[in-house]
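Here is the structure we will look at, set down as structure tokens.
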């Protein structure tokens, strides 16, 4: 699914089947994603078995958001291999945990994660509503 914002493609969400293939270590054909220009995106998302991976190609970083746990070592290695093969193999990718640092207040870490995901959603996607109702993403 490609989502447009201000006339350019800012965000992309890869299908759940792609996330499952990455998680299992399946080899996706090199060049398979060349038409959607993953390396030129500001951010794209990978759903991986209840976890969300936000990939920021322009800064060579990906962030793992998971309600209970991050990725296993093998799954993280599979994500690195996917990014090297299909986004950019010449850069060193960094992996960051999406949990927020501990703070002294009543908010839980899971709530902070949801708020951050909502922030990313609002920043990356703009819904187009008309008086007749929902028309999708612009």
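Key figures
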read-out: Inter-label distance for residue 39 and residue 84, nm, one decimal - labels placed 7 Å from Cα along Cα-to-Cβ; value: 1.6
read-out: Cα→Cβ-extended label distance, 7 Å offset, between residue 32 and residue 77, nm; value: 2.0
read-out: Where a label projected 7 Å from the Cα of residue 96 along Cα→Cβ would reach, residues of segment 37-51 with amide N under 20 Å; value: 39-48, 51
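Here, each number is a calculation from the coordinates, and none is a lab measurement. None of the values given here were measured: they were computed from a predicted structure. Reconstructed Cβ throughout: ideal geometry from the backbone, glycine too, with neighbour counts over all protein chains shown.
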